[in-house]
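Comments concern the structure below.
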Amino acid sequence: MIPVKGYAAYDASSPLTPYDFERRELRSDDVLIDILYSGVCHSDLHQVRHEWGNGIFPMVPGHEIVGKVAAVGNKVSKFKIGDTAGVGVMIDSCRKCNPCVSFMEQYCVEDMTGTYNGYERDGVTVSQGGYSTKIVTNERWVYHVSDKLDLPGVAPLLCAGITTYSPLKYAQVKEGDKVAVAGLGGLGHMAVKFAVAMGAEVTMISTSPSKEADARKLGAHHFVLSTDKDAMKKAESSFNVVVDSISGNHDYEYLLKLLCLEGKLLVVGLPSENPEVNPFELIKNRRSIIGSMIGGTVETQEMLDFCAEKNIVADYELINMQYINEAYERMLKNDVKYRFVIDVSSLK
Ligand code: NAP
Ligand code: ZN
Ligand code: ZN
């Protein structure tokens, strides 16, 4: 077994503390990664606080992982020692069902295996995430990362990046489309960058007046404060796509109202309470609500290649592992610019 240092939540109400554990020895198709950087996703916070009702403790969160390949199994073909590589939100799936053979493993009929807070395919081993020094993963769920990119800024692409890239592609966002992004956090700021890169006219919808200047720096063409009733009224029926990347409890109604004829509400935010939907707002303009979960392995590599080509990375604040509990508190106050990324060398 391979000894690893990490940080874990021991239960839903205690702060994260140091936790030593072991990774499995490499199987023939496994890759061992020495983790350099690990992004901090709001899903980490939802899960360590047991907000989705599925917490397995002790839990080492982290599913935005970038590092260097330190060893490979004898059948690994995609990677060699020294490669820069990433791991995202999933590390396995049944590999046989229709979504799996179509490389949409996140929709596996037997459920994907989460990078942490899940069970491996043996049904017993608990998966542990990237707030740790090393990870062992089957090569299918490991991605090539361009060394041209700023590596701490790449880590958040593995969840926040793919989670916003995938629905924008699915909605076929193109030059001239009007896209609104609700919630300027980790996912929201990536949604702005991708929608701009796809040629859309982008509007940021935020509860935080202080984020207007940043939204514009990220490339948003317009900014609307969601608490400004007049501005929200004016924005009604004007967007082809609204991306909902909101972490806190909210209704869909005010976002649905923003959609024009056949507009799509792309839901990626996962608040702890179910949002209400007013069917009258849904039938108006023949609007639709489309949910989207991260992205498959092929699409994740495509997104990373797109980012390398367009020089897109996340805006981040680099933190030491020991700062994580404070980082969570700041996240709850919407005070993240725009992703915390853990410098994993602080764990050693
Ligand atoms: P984050 O960095 O904390 O950003 C969330 C933003 O939402 C906040 O900065 C804030 O933006 C806005 N917000 C928070 N509470 C709100 C409320 N009650 N009403 C309106 N706006 C509110 O979170 P994140 O890491 O981007 O994650 C966002 C959500 O996506 C989380 O629920 C997460 O679990 C989920 N997620 C889903 C997937 C998926 O596969 N679908 C993958 C990853 C994450 P403003 O200050 O601009 O208002
Ligand atoms: Zn995430
Ligand atoms: Zn499957």
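I'd like the Karplus ³J(HN,Hα) series for the range 306-316: coefficients 6.51, -1.76, 1.60, θ = phi - 60°, whole numbers in Hz, and an x wherever there's a Gly or Pro.
4, 5, 5, 5, 9, 6, 9, 9, 7, 8, 9
Tell me, what HN-Hα J-couplings in whole Hz come from the Karplus equation 6.51 cos²θ - 1.76 cosθ + 1.60 at θ = phi - 60° for each residue of the range 111-119, using x for Gly and Pro?
Rounded to whole hertz, the list is 6, 5, 8, x, 4, 9, 6, x, 10.
Go through 123, 135, 3 and say which Cα lies farthest out towards the positive end of the charge dipole of the chain; charges sit on Cβ, +1 for Lys and Arg, -1 for Asp and Glu.
Looking along the dipole axis, the top candidate is 135.
Give the Debye-formula value of log10 I(q)/I(0) at each listed q (0.08, 0.11, 0.13, 0.14 Å⁻¹), with one equal scatterer per alpha carbon of the chain, two decimals each.
-0.36, -0.69, -0.97, -1.12
Could you work out the mean projected area of the convex hull around the alpha carbons of the range 161-291, in square nanometres to one decimal?
7.0 nm²
Between 245, 77, 272, which gets the highest mean-square fluctuation from a Gaussian network model of the chain, Cα cutoff 10 Å?
Looking only at 245, 77, 272, the largest GNM fluctuation is found for 77.
Can you list, largest first and rounded to whole Å, the semi-axes you get for the range 257-298 by taking the square root of 5 times each eigenvalue of its Cα gyration tensor? Can you show the working numbers first?
Values: eigenvalues 99, 46, 9 Å².
The equivalent ellipsoid of the range 257-298 has semi-axes of 22, 15, 7 Å.
Relative contact order for the chain: what percent, with Cα pairs under 8 Å and sequence separation of 6 or more? Don't skip to the end; give the middle numbers.
Numbers: 837 pairs, mean separation 62.2, N = 348.
This gives 18 percent for the chain.
Can you pull the accessible area of residue 244 for me, 1.4 Å probe, Å² to the nearest 10?
0 Å²
Any number yet on Rg/Rh for the range 219-348, C-alpha, Kirkwood?
Numbers: Rg = 18.0 Å, Rh = 17.5 Å.
Over the Cα atoms of the range 219-348, Rg/Rh equals 1.03.
Out of the range 91-145, which GluC sites (Glu not before Pro) are coil in DSSP terms and have no more than 16 other C-beta atoms within 10 Å?
Within the range 91-145, the qualifying GluC sites (Glu not before Pro) (loop, at most 16 other Cβ atoms within 10 Å) are 110, 120.
Would you mind computing the Rg to Rh ratio of the range 109-172 from its alpha-carbon coordinates, Kirkwood style for Rh?
Working: Rg = 14.2 Å, Rh = 14.1 Å.
Result: Rg/Rh = 1.01.
With +1 on each Lys and Arg Cβ and -1 on each Asp and Glu Cβ, and nothing else charged, work out how big the dipole of the chain is about its Cα centre, in Debye to the nearest 20. The partial results should precede the final answer.
On the way: 36 positive and 45 negative charges, 108 e Å.
It works out to roughly 520 debye.
The values are calculated or read from the model by the stated rules, or taken from the named source; none is laboratory data. Because the structure is a prediction, the values reported are computed rather than measured. Heads up, the Cβs are rebuilt from the backbone with ideal geometry, glycines too, and the neighbour counts pull from every protein chain shown. Side chains are part of the model used for accessible areas, which takes the heavy atoms of the whole protein and leaves out ligands, DNA and RNA. Shrake-Rupley method; radii C 1.70, N 1.55, O 1.52, S 1.80 Å.
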